[in-house]
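Reviewing the structure listed below.
The values are calculated or read from the model by the stated rules, or taken from the named source; none is laboratory data. Just so we're clear, the structure is a prediction, and the values are computed from it rather than from any experiment. Backbone-built Cβ (ideal geometry, glycine too); neighbour counts: all protein chains shown.
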Amino acid sequence: MSSAIKNQKGILDKLGIEHLNPMQEEAQLAIHSAPEVVLLSPTGTGKTLAFLLPLIAELDPEITEIQAMILVPSRELAIQIEQVIREMGTGYKANAVYGGRAASQDKLDLKHRPAILIGTPGRVADHLRRERFDTNFIKTLVLDEFDKSLEVGFEDEMSEIAAALRKLSKKILTSATQGVEIPRFVRLKNPIYVNYLDEKIDQLIIKRIVSPSKDKLETLVDALCHFGNHPGIIFCNFKDSIQRVSEHLTDNNIAHGCFHGGMDQKDRERALIKFRNGTHQLIIATDLAARGLDIPEIKFIIHYHLPHSEQEFIHRNGRTARMHSEGNAYILHWVDEKLPDFIPDLEIEALQPAAPPTPSTWRTLFISGGRRDKISKGDIAGLIFKQGSLGKEDVGNIELKQDCAFVAVQADKVADLLLQIDNSKLKKKKIRISEI
């Protein structure tokens, strides 16, 4: 077995993945063999790993400058890719920079050069103008979800960045959208296309839910009671609508989180953490959550508002029935509301009366120490098990960040646990622990 194959097997073992899917295999071959690759594949099929594996395999461990740049349309996607690279455990440093994050922290991270820089185009362009890093060693540029970056207004910054990277030998573009136009500033000459957008998602079932009244809030509650305790996303078109839906669900004792562009970055990140670890089974979101987020195992999505376009419809639906798992998408519409042409005639889901979903048994704790303090997930688990006297069944997902961590704990254990371990020391750092 070659060292490259051994290294990849080690990475996949760390990620808990047995083998790559056909798209990832084909993408890896294309990226290794060609200087220009356009990867088109539905949301949730593993595009991030598809380009990270060959990108990392081609890094030079002797070079101490940035060698690869990944541009993304959102802060959440930047954070997610940074986390995936860390979990791969390759030894290569990666840092994410994005708007809403302290520029002083960016400067500190860039002073100790990462091999891979991930960022939103606006923040990366700003660092380039300030000459915060050397571009002469950047050989690979990835434009992840490039059509979304263009859609949200990053074209000028992306063009500026592409023009500044004069030593590129590899360009990789990814999208989950069919028929996208490659921007001229990328200057692709003869790219290889890896296109899996026509692959059918047999596991996705799409149905309609008809509301007798124009105000669909009561029907939404009935639907959530009908679906029971399963993770799902409710898509709204406007952040003001999310507030209204959220208040109604709260009035009906249905626990949930919210996610939209009007929220602070910290609150958005915490909403996703609580959704991932099971503290919340439901999240109400705008199309900001339709792609590029690490939200696994979604059983259903509900279009509370009809999507404006077919692409939005596809991306929303792509949050469920991912990676060979089953999922359902539901169109919630008023009985007299005309459906757009891109939504076919669908079977109606008959709602059965049921009690509201039971509240989650998990709660999320914030820990004021992280990777920068040399704290590991094992350190946190050890503190909770030994000093907090909890069993493994009482502790759920642990997410480790640079300066903090989050851990899911059974709700009935939280109060006693905080008394036992708040103000404890981990790796010589006194940490504060609180429920969020």
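Rundown of residues vs (1) closer than 25 Å to Arg123 by Cβ; (2) in contact (Cβ under 8 Å) with a residue 60 or more places away in the chain; (3) surrounded by 21 or more Cβ atoms within 10 Å (Cβ to Cβ); (4) assigned by TED's automatic domain parsing to the domain that holds Val180, yes/no style:
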site	(1), (2), (3), (4)
Gly10	no, yes, no, yes
Asp13	no, no, no, yes
Asn21	no, yes, no, yes
Glu25	no, no, no, yes
Asp60	no, no, no, yes
Thr64	yes, no, no, yes
Ile70	yes, yes, yes, yes
State whether one or more residues within region 389-397 are in a strand (DSSP E or B), within 30 Å of Ala96 (Cα to Cα), touching a helix residue (DSSP H, G or I) at 6+ places or on another chain (Cβ under 7 Å) and outside the structural domain of Ile79 (by TED's automatic domain parsing). yes
Determine which member of the set Pro359, Pro353 is more than 20 Å from the chain's Cα centre (by Cα) and under 19 Å from His280 (Cα atoms). Pro359
Unique match (being modelled with pLDDT of 90 or more, closer than 19 Å to Glu145 by Cβ and within 16 Å of the chain's Cα centre (by Cα)) among Leu77, Leu55, Leu40: Leu77
When region 366-377 is examined, which residues are found to be assigned to a loop (DSSP other than H, G, I, E, B) and in contact with a strand residue (DSSP E or B) (Cβ under 6 Å, 6 or more places away or on another chain)? Gly369, Gly370, Ile375
Determine which single condition Thr120 fails, assuming it passes every other condition in (1) at pLDDT 95 or above; (2) on the phi > 0 side of the Ramachandran plot. (2)
Please determine whether any residue of region 182-189 is assigned to a strand (DSSP E or B), of a type outside the set (D, E, K, R) and either at pLDDT 90 or above or in the same structural domain as Ile31 (by TED's automatic domain parsing) (or both). no
Restricting attention to region 162-193, and to residues there that are surrounded by fewer than 18 Cβ atoms within 10 Å (Cβ to Cβ) and among the hydroxyl-bearing types (Ser, Thr, Tyr), which single residue is farthest from Glu310 (Cα to Cα)? Ser169
Counting only residues in region 336-365 that are assigned to a loop (DSSP other than H, G, I, E, B), aliphatic (A, V, I, L, M) and in contact with a Lys or Arg (Cβ under 9 Å, 6 or more places away or on another chain), the one farthest from Leu306 (Cα to Cα) is identified as Leu346
Could you please tell me which pairs satisfy a Cβ distance under 8 Å, a separation of 6+ or placement on different chains, a first residue in region 309-337 that is more than 25 Å from Asp147 (Cα to Cα), and a second residue that is at pLDDT 80 or above and in a helix (DSSP H, G or I)? Tyr330/Ala223; Leu332/Thr219; Leu332/Leu220; Leu332/Ala223
For region 48-68, which positions are under 22 Å from Glu25 (Cα atoms) and touching a Leu at 6+ places or on another chain (Cβ under 6 Å)? Ala68
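Every residue, every condition in (1) assigned by TED's automatic domain parsing to the domain that holds His280; (2) more than 26 Å from Thr279 (Cβ to Cβ), yes or no:
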| residue | (1), (2) |
| --- | --- |
| Leu306 | yes, yes |
| Ser309 | yes, yes |
| Glu326 | yes, no |
| Leu339 | no, yes |
| Glu349 | no, yes |
| Pro356 | no, no |
Scan region 33-46 and tell me whether some residue there is among the hydrophobic types (A, V, I, L, M, F, W, C), within 22 Å of Glu82 (Cα to Cα), surrounded by 15 or more Cβ atoms within 10 Å (Cβ to Cβ) and without any contact (Cβ under 8 Å) to a residue 60 or more places away in the chain. no
